[in-house]
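Below is one structure, written out as structure tokens; the observations come after it.
The values are calculated or read from the model by the stated rules, or taken from the named source; none is laboratory data. Note that the coordinates shown come from a computational prediction; the quantities given were computed from them, not determined experimentally. In this analysis, Cβ positions are derived from the backbone assuming ideal geometry, glycine residues included, and neighbour counts consider all displayed protein chains. Side chains are part of the model used for accessible areas, which takes the heavy atoms of the whole protein and leaves out ligands, DNA and RNA. Shrake-Rupley method; radii C 1.70, N 1.55, O 1.52, S 1.80 Å.
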Amino acid sequence: MAIVLLAPAKLTLSLRITGVRDDGFHLIDAEMVTLDLHDLVTVDPDSDGAVITGRYADGVPTDDRNLAVRALGGRTVGLTIDKRIPHGGGLGGGSSDAAAVMRWTGHPTDDAGLADAATLGADVAFSLIGGRARVRGIGEIVEPLPHLDRIVTLVIPPLQVSTPAAYRAWDELGAPTAPGPNDLEPAALRVEPDLARWRDKIGDATGRTPVLAGSGATWFVHGEHSNALAALGNEGAEIIAARTTPAS
């Protein structure tokens, strides 16, 4: 019988880069939360292959480039992923889809299990735990934190920032510590300078300094500001008010 799994979006509220391993992977110290924005992943043991549906289906692969397909570990089942999380904005949709599949397979969430999950993608281990957590290492150390009920307004401009490119730029800039809560922000702005224009528009509209979510391209401000930001929707941005959710 087919089963429908919830795959919540991830938001990185703060990000410090604390070092670089010998293998080139960056070490982080971050606060992450899950949101009530989610994909739906349907697992059908009587079918085979992956199908992508939904508003944000365009460009999502159905082969082993898809983390959820890889998370199956070779199991012959059907996957239908209803993409409701905008992709390319740093909201962890692909990682969350993979984590939903891994929960279905009974993947362990002990230290070894989380370390294994992080080899699939840096955000997969957090997505396995969900809620609110401090995330360290290369993403495999997940320390749950008490839930805080918050509303955030996301602004997802029609841009994409490559996470590897942002980390390379951070290295090239001399490993800066940002004045705000996200050390990757200066690097992301170097990779995609147009992010600065969106940052300024959001600040002007809300009177608040927006924060870049991870490597971007999503900006967010705390609180409900959908009306103030509605005009940016006419310029191609997605405006989404979302609430943090506890671990399930």
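Among what's in segment 76-92 and is open to solvent by 10 Å² or more (accessible area, probe 1.4 Å) and of a type in the set (G, A, S), pick the residue that is modelled with the highest pLDDT.
So, considering only residues that are open to solvent by 10 Å² or more (accessible area, probe 1.4 Å) and of a type in the set (G, A, S), the one modelled with the highest pLDDT is G92.
Going through segment 93-122 one residue at a time, which ones are of a type in the set (V, I, T) and open to solvent by less than 10 Å² (accessible area, probe 1.4 Å)?
Passing the criteria: only V101.
Looking at segment 216-227, can you tell me whether even one residue there is surrounded by 17 or more Cβ atoms within 10 Å (Cβ to Cβ), farther than 17 Å from L37 by Cα and aromatic (F, W, Y)?
Checked against the condition, which is being surrounded by 17 or more Cβ atoms within 10 Å (Cβ to Cβ), farther than 17 Å from L37 by Cα and aromatic (F, W, Y), segment 216-227 yields no hits at all.
How many residues are within 20 Å of the chain's Cα centre (by Cα) and either modelled with pLDDT of 95 or more or open to solvent by 40 Å² or more (accessible area, probe 1.4 Å) (or both) when one looks only at segment 170-183?
4
Condition first: touching a strand residue (DSSP E or B) at 6+ places or on another chain (Cβ under 9 Å) and buried (at least 21 other Cβ atoms within 10 Å of the Cβ). Can you find one or more residues in segment 42-49 that meet it?
yes
One residue is enough: does segment 68-80 have a residue meeting the conditions in contact (Cβ under 8 Å) with a residue 60 or more places away in the chain, β-branched (V, I, T) and over 24 Å from A115 (Cα atoms)?
Among the residues of segment 68-80, not one is in contact (Cβ under 8 Å) with a residue 60 or more places away in the chain, β-branched (V, I, T) and over 24 Å from A115 (Cα atoms), which makes the answer no.
Run down L148, L159 and say which single residue is under 26 Å from T206 (Cα atoms), surrounded by fewer than 17 Cβ atoms within 10 Å (Cβ to Cβ) and out of contact with any strand residue (DSSP E or B) (no Cβ under 6 Å at 6 or more places or on another chain).
Going through L148, L159 in turn, the sole match is L148.
Suppose the filter is open to solvent by 40 Å² or more (accessible area, probe 1.4 Å) and assigned to a strand (DSSP E or B); does D63 pass it?
no
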